[in-house]
1. For segment 66-75, which residues satisfy the criterion of being open to solvent by 10 Å² or more (accessible area, probe 1.4 Å) and either touching a strand residue (DSSP E or B) at 6+ places or on another chain (Cβ under 9 Å) or at pLDDT 85 or above (or both)?
2. Does V381 satisfy being surrounded by 15 or more Cβ atoms within 10 Å (Cβ to Cβ), more than 27 Å from the chain's Cα centre (by Cα) and over 24 Å from Q236 (Cβ atoms)?
3. How many of the residues making up segment 423-441 are open to solvent by less than 30 Å² (accessible area, probe 1.4 Å) and under 13 Å from the mean Cα position of the chain (by Cα)?
4. Residues to consider are S316, S310; find the one that is within 29 Å of the chain's Cα centre (by Cα) and at pLDDT below 95.
5. All but one of (1) surrounded by fewer than 22 Cβ atoms within 10 Å (Cβ to Cβ); (2) touching a strand residue (DSSP E or B) at 6+ places or on another chain (Cβ under 9 Å); (3) on the phi < 0 side of the Ramachandran plot hold for G159, so report the exception by its number.
6. Which one of N78, N164, N157, N96 is away from ligand 1 (no atom under 16 Å from the Cβ) and at pLDDT below 85?
Amino acid sequence: MDNLKIKLKNTTRNNTLDPNKIWKECLKLIKQNVSNITYNTWFLPIKPYQLDNKTLKILVPNNFFIEWIEEHYNTLINKTIHQTLGSEGKLVYIINEEEKEDLQLFDSPIIEIEKKPIETETNNFESNLSPRYTFDNFIKGEANQLARAAAIAISDNPGKTSFNPLFIYGGVGLGKTHLIQAIGNDILKKYPQKKIIYISADIFTTQFVEAIQSNTVGDFSSFYNKVDVLILDDIQFLTGREKTQDLFFHIFNNLHQSSKQIILSSDRPPKDLKGMNDRLISRFQWGLTADVQPPDFETRIAILKNKSNSLGISLSNDILDYIAYNITSNIRELEGCLIKLLANSSLNSKEIDLELVRRTVQEISTRRETNISIDSITKVVCDEFDVDENKVREKNRKKEVVLARQIAMYLSKKLTKSSLKTIGLHFGGRDHSTVIHAFNNIEKLTSEDTSLNDVVRKLRNKLELGI
Ligand code: ADP
Ligand code: MG
């Protein structure tokens, strides 16, 4: 260690290199060589600290990280450092923690450890939460009273109430995702250091399958076992998936035993989850099970008022009443109606009057309820281009497959709330930069090629409006 310090003092510093840039480059290389879970678990939490000549210093959360990385990814790390900093490149781990005193030095040729307490800890754990879901913009009503109250109680005291797990169930578009993400966002605000992960159960399953294929199930479970709050949306996707259920069972037990908060949502109550292991169903009922029902008239009005305000449109009471009387089944449709009204009125430069409202409500109620998901987008796009759906999910590079895949990614970004990461996972585990590339490419192509633009517009109408 002393040697290293002396050596550093005597070297001329190369100020042109920025540790952030170099570490970013390293991450890029690492990402290409490990699974997403491994990357998120072991590499994403690392932060660059300093670059002294050819020595990159990085901050790791604890000693265990160093051991794990050294044991499993030693060659990769060495290669990466050599590639980015040249053959004299060195890596120094700095433990970002105050309490541990007895650190050993690693005698790896290019890696040494230095211990340095850092005053401000930062949390760069990727939670997948969308900031648009908050308690502030969640309208309370009789239909969601219990679920909302429990959600608020949990976010004051995650893992410490008897509502563990919190199991929220109800029909589509009734605010389950909104509510469980609002819990996550609120906890993050109050406890910025907590590791919160929001994930939909279908992505969880996809990740698990990927982990099996890449032999990284250990990383996968250790990632989830380390979180403070696990939010698993649409748990009904786990039905019939025995292996995923087994793994989830262990994660559940681990987290629950260490008083970590578990939040689940489902489209039906636990007992109706056919194809779900009984031991899981019984655990789902350990905490609090709360339903969300379709909103009553007053709540629908309140939601419409709130939403139209945020869209910057003001609607008369007649109009609000008309919509609230006619659209009753779910909140997503109420929102859809407002957006459609806004679009219709601005496209035709028309005031929003009762006539336009009647027509819009009519269109919405005659349209079969379509729930736009990445899967439904993939299907519609593949039908249009006559491409096999599996092909766009694989690494097929045929021209028409690539175009269909890019359009499907583009529409998934436009029409769903999924993150780039989630979208990438649906298309063969591609990373977010591939999705951004696809998005930009389609934006560009549609602006240059009117017939392609027409096709994309047609696909959008089909998906959004069922026409
Ligand atoms: P679910 O997950 O139950 O299918 P979502 O949480 O996705 O439903 O809700 C659908 C839409 O309705 C979202 O845009 C959400 O923000 C909105 N929403 C649902 N419930 C409420 C509520 N009580 N107040 C305000 N907006 C709501
Ligand atoms: Mg949902």
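The values are calculated or read from the model by the stated rules, or taken from the named source; none is laboratory data. These numbers were taken from a predicted model, which means no experiment stands behind them. All Cβ positions, glycine included, derive from the backbone under ideal geometry; neighbour counts span all protein chains shown. All accessible areas refer to the heavy atoms of the entire protein, side chains included, with ligands and DNA or RNA removed. Shrake-Rupley method; radii C 1.70, N 1.55, O 1.52, S 1.80 Å.
1. Once the filter is applied, which keeps residues that are open to solvent by 10 Å² or more (accessible area, probe 1.4 Å) and either touching a strand residue (DSSP E or B) at 6+ places or on another chain (Cβ under 9 Å) or at pLDDT 85 or above (or both), segment 66-75 yields E70, N74.
2. No; evaluated as a whole, the condition is false for this residue.
3. So the answer is 3.
4. Of the residues listed, the single one that is within 29 Å of the chain's Cα centre (by Cα) and at pLDDT below 95 is S310.
5. Answer for G159: the failing condition is (3).
6. Unique residue meeting the criteria: N96.
Yes or no, residue by residue, for (1) free of Cβ contacts under 8 Å to residues at least 40 places away in the same chain; (2) within 16 Å of ligand 1 (Cβ to nearest atom); (3) hydroxyl-bearing (S, T, Y); (4) assigned to a loop (DSSP other than H, G, I, E, B):
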{"site": "F223", "(1), (2), (3), (4)": "no, no, no, no"}
{"site": "T244", "(1), (2), (3), (4)": "no, no, yes, no"}
{"site": "F252", "(1), (2), (3), (4)": "no, no, no, no"}
{"site": "I263", "(1), (2), (3), (4)": "no, yes, no, no"}
{"site": "R268", "(1), (2), (3), (4)": "no, yes, no, yes"}
{"site": "S282", "(1), (2), (3), (4)": "yes, no, yes, no"}
{"site": "W286", "(1), (2), (3), (4)": "no, no, no, yes"}
{"site": "P294", "(1), (2), (3), (4)": "no, yes, no, yes"}
{"site": "I301", "(1), (2), (3), (4)": "yes, yes, no, no"}
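So that you can scan it fast, the table gives a plain yes or no per residue for (1) free of Cβ contacts under 8 Å to residues at least 40 places away in the same chain; (2) over 29 Å from D233 (Cα atoms); (3) in a helix (DSSP H, G or I):
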residue	(1), (2), (3)
N390	yes, no, yes
Y410	no, no, yes
K414	no, no, yes
V456	no, yes, yes
